[in-house]
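Visitor: Could you have a look at this structure, given as structure tokens, before my questions?
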Amino acid sequence: MTPIRRQYLKIKHSYPDAILLFRLGDFYETFDDDAHLAARELEIALTSRSMGKNLKVPMAGVPAHALESYLSRLIKKGHKVAICEQLTTPTSSRAIVERDVVRVITPGTLVESGLLDVKANNYLAAVVVESDLAGLAYADITTGEFAVTQLPADRLAPELERISPAEILTPETDESSPTDGLSQQDNYAVSPQPGLSFDLALARDALLSHYGILSLESFGCENLPLAIRAAGAILDYLGRTYKSGKPPVGPLSTYSTNDYMTLDAHTVRNLELFQAGRWGSSALSLLATLDRTRTPMGARLLRRWLGQPLLDVAALESRLDGVQLFHDDAFLRQAAAADLSRIADLERIGGRLESGNVTPRELLALKDGINAAAELAGRLSESGNSPADGPAGLQLARLLTPLPDVTALIDEAVAPEPSGSLGEGGIIRPGFSPELDRLKTLASDSRRFIADLERQERERAGIRNLKIGYNQVFGYYIEVSKSNLAQVPPDYVRRQTLANGERYVIPQLKEYEAQVLAAREQIEELEVDLYRRLCRQLAESVDAVNRLAHGIAQVDVFAGLSEVAVRNGYVRPQVNNSSVIAIKDGRHPVVEQTLGAGGYVPNDVYLSNDDARIIVLTGPNMAGKSTFIRQVAIITLMAQVGSFVPAAEAVIGLADRIFSRVGLQDDLTTGQSTFMVEMVETAAILNQATPRSLVVLDEIGRGTSTYDGLSIARAVIEHLHNDPRLSCKCLFATHYHELTELAQTLPGVRNFNVAVVEEGSDVVFLHRIAPGGADRSYGVHVARLAGLPPGVVNRAWEVLGDLEKPSGKSAKKARSRGPAAMQLPLLDASQPLLDEILKVDVSNLTPLEAINKLYELQEKARGGNSV
Ligand code: ADP
């Protein structure tokens, strides 16, 4: 076995569950099983290498310069990758180069900018559950964020959904899987860890020693054992994966989920906060509509705020003040936007500073960013001088602490236009290190000397095309072509014979060569050393840089929200602790964007726990019911994020939770039937809502037959209304116009409908919400609008007419006795047919399917009639 093979096996032994990328010169090689795996996953050639007598092992490798793209493919496929580097430079002696793993790369510990989404955090989370309590910690090592909480176990799933970690650590001994409740749509890796990783005493010690403190009290988690265990597991994991230096996490922040509105995954999806539509495009999400931030940290903060609406009036007022400041001052808004555009991703640069991976250009970007922030701070404090602005400007200015030491140091040490790679002498600014400058002069003087020498030798030998060259093997040489060989002076020493000439050296040349090479080597060493020291010195300010980055993020979000508010005509909501939600001329912020100016019909809403608690909203399909009820939920949420809202006026009594559910939507990812999903979700609301909650239900009960659905819908409304634990505010959109009767018996229920006008057999949607219930569904009208063939529509009119004729009276009678008393006429052959027509999902039908369906319906109608 060769020494390299022995070295490889020893290292591989410590990383059995990772693909080991073993640096061999210009390649990262994999061997044995790793090679088979890498060849398959990366579609690279599987070769073999002789590594001892009669020992050939499978091998597959990737070029070192292309590492990042291959890494991303392995990580995306869920593999862990251990990077094994050469730690000493190869020398001519036969001693083997030292090698060791410098990092294990997992989905939650990426730092490669090419593998990260600029506008989203990449979180590593750790979770430990004990009976009904859970500890949760999460960190983003690219920004240094590190947060921890202890929470009731049943709130873990929504909290994890909010964080949306790339990787979750769990104790391998844990039988209850904390990730059970998570939707499988989210893409995260679960990495079980040895139980000791979550040990309380070890975790506490690890935290104390990481921060060099004696008690966790200052972090606020001293008495939260599960939180400490989760945080300890993160540190432990980072220690094992991120091997170069201390785990790159900043101060630990302890938070409580009680401080935020809980948003479950269904609500996040239904309200399309981060992704719109079923295909997950983010172009029309609420986030995309509200995001006018200019910096990556601002974009990430806005995303975080949208996922964590506040419950505290004072905190919201202070955010709203921030937005207002920029809203009211167009000049400040524009100037701030310009300043912010000049600020790079200071959070991630800060993170790389700690790990020593920061490039000179990033250091310059850090300096420019700090300077731009200082200018912005100046503007803000000036704006705060005018009494009309209030204290918001000064408060925001205070978030942007200047860091003159950092900028001065970068200014002094880094060349304004850094050139070449580190070690070539173009990175450190002239004047920073006299020694470096001396060596650089020496190197360039020597070069000039060689040019002089060339001229001198040409004259001495009388050879006009004599030239001095350089190659790796021989160093500097004098080259003379064949035709001039006779003139070569006697002191020339021949080194190499070429096809058309000879190469010589002279002592003078070799002397200078030694100088040049020595100088270059020294330059390389010194520049690398100076740069490392510079980074280390700057790394001492990492916490300050992160604080500044967080301040910039806040100002960026305020400025961005104000820009959206001005552009789209939003107003400042009045937030309070009342039980009222009153919105005048509210609009749906995203739908409004798609319709263009003036296209959206604004609507009012008034909800109050004291009287109008539940709104039953009826109207035909496509009238705008879903849009309206979501609009109320979104405006409430926006107000609790601290944003202005799309309305003429809005009073928002803070909601502790918003629930949003849609009936009739297959959850394909979990393989559950429509109706089952609908009922499971509805049950969750009935179990969790409080009087302060806002519940938005869209077509609940639709996934089953008419009478089942109607009964369930009715029972749900009655329960929401009557159960004292709930009695929450609710918007219930339904096409069951029979539900309007509830208003007669339940005092907190109000009927509204979406106005339509009937023009002959057409309906025109006015999208206006009016008091009172709709008295019919207009289903056939809508089917006609949707383009169902005229024959089908006409037949549907006939069937509907028949249905309404004989049973019309009895249906009316039945309705006055309540839906439960209604009965389908027995043996009515048309009803199934009508049901079937109504069930047709017209918008998802291909023309061919439509014709087939029509044919089938006609066959059934004939058959039915003959019965
Ligand atoms: P429903 O839930 O009643 O079936 P939707 O809420 O899905 O109807 O609305 C159907 C379409 O009507 C929406 O896609 C939107 O384009 C339009 N719409 C809804 N509300 C309004 C409004 N207030 N103003 C203008 N267009 C609207």
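Throughout, read-outs are computed from the coordinates displayed, never taken from laboratory work. Values in this document were obtained by computation on a predicted structure and should not be read as measured data. Backbone-built Cβ (ideal geometry, glycine too); neighbour counts: all protein chains shown.
Visitor: Could you give the length gained on full extension between Ser209 and Ser421, defined as 0.36 nm per residue of separation minus the Cα-Cα distance, in nm? Each step should come with its number before you reach the end.
Guide: Details: separation 212, 0.36 × 212 = 76.32 nm, distance 3.68 nm.
Gain on extension, Ser209 to Ser421, equals 72.6 nm.
Visitor: Moving to a separate point now. May I ask for the angle, rounded to the nearest 10°, between helix 404-413 and the longest principal axis of the chain, with both axes built from Cα atoms and the value confined to 0 to 90°?
Guide: 40
Visitor: Can you list the trypsin sites (Lys or Arg not before Pro) in the stretch 61-100 that are in a DSSP coil and have 13 or fewer other beta carbons within 10 angstrom? Could the numbers behind the result be given before it?
Guide: On the way: sites: Arg73, Lys76, Lys77, Lys80, Arg94, Arg99; in loops: Lys77, Lys80, Arg94.
Those that pass, being in a loop and sparsely packed, are Lys77, Arg94.
Visitor: To the nearest 0.05, how large is the calculated FRET efficiency for Glu130 and Ala315 if R₀ is 41 Å and r is the Cβ-Cβ distance?
Guide: Numbers: r = 31 Å, r/R0 = 0.76.
In this case the efficiency is close to 0.85.
Visitor: Hey, which lysines would be in cross-link range of Lys440, C-alpha to C-alpha under 21 Å, not counting anything within fewer than 8 residues on its own chain?
Guide: Here the lysines satisfying the reach criterion relative to Lys440 are Lys510.
Visitor: Which links in Lys56/Lys243; Lys76/Lys243; Lys53/Lys77 stretch past 28 Å when you go from one Cα to the other?
Guide: Numbers: Lys56/Lys243 31 Å; Lys76/Lys243 22 Å; Lys53/Lys77 36 Å.
Cα-Cα > 28 Å for Lys56/Lys243; Lys53/Lys77; rest within.
Visitor: Compute the FRET efficiency between Thr441 and Leu485 as 1/(1 + (r/R0)^6), taking r as their Cβ-Cβ distance and R0 = 45 Å, and round to the nearest 0.05. Walk me through the numbers on the way to the answer.
Guide: Working: r = 37 Å, r/R0 = 0.83.
Efficiency at R0 = 45 Å is approximately 0.75.
Visitor: If one puts a single equal scatterer on every Cα of the chain and applies the Debye formula without solvent, what log₁₀ I(q)/I(0) results at q = 0.08, 0.09 Å⁻¹?
Guide: -0.89, -1.04
Visitor: Quote to one decimal, in nm, the extra length available between Val566 and Glu521 on full extension: 0.36 nm per residue of separation minus the C-alpha distance between them. Walk me through the numbers before you get to the answer.
Guide: Working: separation 45, 0.36 × 45 = 16.20 nm, distance 5.91 nm.
Between Val566 and Glu521, full extension yields 10.3 nm more.
Visitor: Note the angle between two axes, namely the Cα long axis of helix 706-722 and the longest principal axis of the Cα atoms of the chain, as a number of degrees from 0 to 90, rounded to the nearest 10.
Guide: Between helix and principal axis, roughly 80 degrees.
Visitor: Among Pro251, Val792, Ala733, whose Cα sits farthest toward the positive end of the charge dipole of the chain (+1 at Cβ of Lys/Arg, -1 at Cβ of Asp/Glu, about the Cα centre)?
Guide: Value computed over the given set: Val792.
Visitor: Can you give the Rg to Rh ratio for the stretch 400-509, taking only C-alpha atoms and Rh from Kirkwood? If you can, show how the numbers build up before the last one.
Guide: Working: Rg = 21.4 Å, Rh = 17.2 Å.
Ratio of gyration radius to Kirkwood radius: 1.25.
Visitor: Okay, moving on. Charges on Cβ only, +1 for Lys and Arg, -1 for Asp and Glu, centred on the Cα centroid of the chain; of Leu517, Thr401, Val757, which one is farthest towards the dipole's positive end?
Guide: Leu517
Visitor: Any idea how far the Cα center of the stretch 103-145 sits from the one of the stretch 315-361, in Å?
Guide: 23
Visitor: Within the P(r) computed for the stretch 588-656, what percentage of the Cα pairs occupies the region above 17 Å?
Guide: Numbers: 1104 of 2346 pairs.
Value for the stretch 588-656: 47 percent of Cα pairs lie more than 17 Å apart.
Visitor: Over 18 Å between C-alpha atoms is what I'm after, so list which of Lys80/Lys246; Lys839/Lys860; Lys12/Lys80 land there. The partial results should precede the final answer.
Guide: Working: Lys80/Lys246 20 Å; Lys839/Lys860 15 Å; Lys12/Lys80 13 Å.
In this structure, Lys80/Lys246 exceed 18 Å between Cα atoms.
Visitor: Could you work out how far apart the two model spin labels at Arg536 and Glu454 are, taking each label as a point 7 Å from the Cα in the direction of the beta carbon, and quote it in nm?
Guide: If labels sit at Arg536 and Glu454, their model points lie 4.1 nm apart.
Visitor: What distance in nm separates the two pseudo spin-label positions at Val102 and Leu848, each 7 Å out from Cα along the beta-carbon direction?
Guide: Label-label distance for Val102 and Leu848, simple model: 5.7 nm.
Visitor: Excluding residues on the same chain fewer than 8 positions from Lys625, give the aspartates and glutamates whose Cα lies under 17 Å from its Cα.
Guide: Glu272, Asp585, Glu592, Asp604, Asp698, Glu699, Glu738, Asp775
Visitor: Within the stretch 6-87, which GluC sites (Glu not before Pro) sit in a loop by DSSP and count at most 11 neighbouring Cβ atoms inside 10 Å? Mind dumping the intermediate values first?
Guide: Numbers: sites: Glu29, Glu41, Glu43, Glu68, Glu85; in loops: Glu43.
Filter output for the stretch 6-87: Glu43.
Visitor: Could I ask something else about it? Counting other Cβ atoms within 10 Å, which trypsin sites (Lys or Arg not before Pro) in the stretch 427-499 have at most 14 and lie in a DSSP loop?
Guide: Values: sites: Arg438, Lys440, Arg447, Arg448, Arg455, Arg458, Arg460, Arg464, Lys467, Lys482, Arg494, Arg495; in loops: Arg464.
Loop-located and lightly packed - Arg464.
Visitor: Between Glu112 and Arg725, what FRET efficiency comes out of the Förster formula 1/(1 + (r/R0)^6) with R0 = 41 Å and r the beta carbon distance, rounded to 0.05?
Guide: Details: r = 50 Å, r/R0 = 1.22.
FRET efficiency, Arg725 to Glu112: 0.25.
Visitor: If you don't mind, another one. Tell me which aspartates and glutamates have Cα within less than 16 Å of Lys10's Cα, excluding those fewer than 8 residues away on the same chain?
Guide: Cα-Cα hits under 16 Å: Glu29, Asp32, Asp33, Asp34, Glu85, Glu98, Asp100.
Visitor: Roughly how tilted is helix 507-539, in degrees to the nearest 10 and between 0 and 90, from the longest Cα axis of the chain?
Guide: It works out to around 30 degrees.
Visitor: Full-extension gain between Asp368 and Leu202, please, as 0.36 nm times their residue separation minus the C-alpha to C-alpha distance. Please report the intermediate quantities before stating the final value.
Guide: Working: separation 166, 0.36 × 166 = 59.76 nm, distance 4.19 nm.
Gain in length upon complete extension: 55.6 nm.
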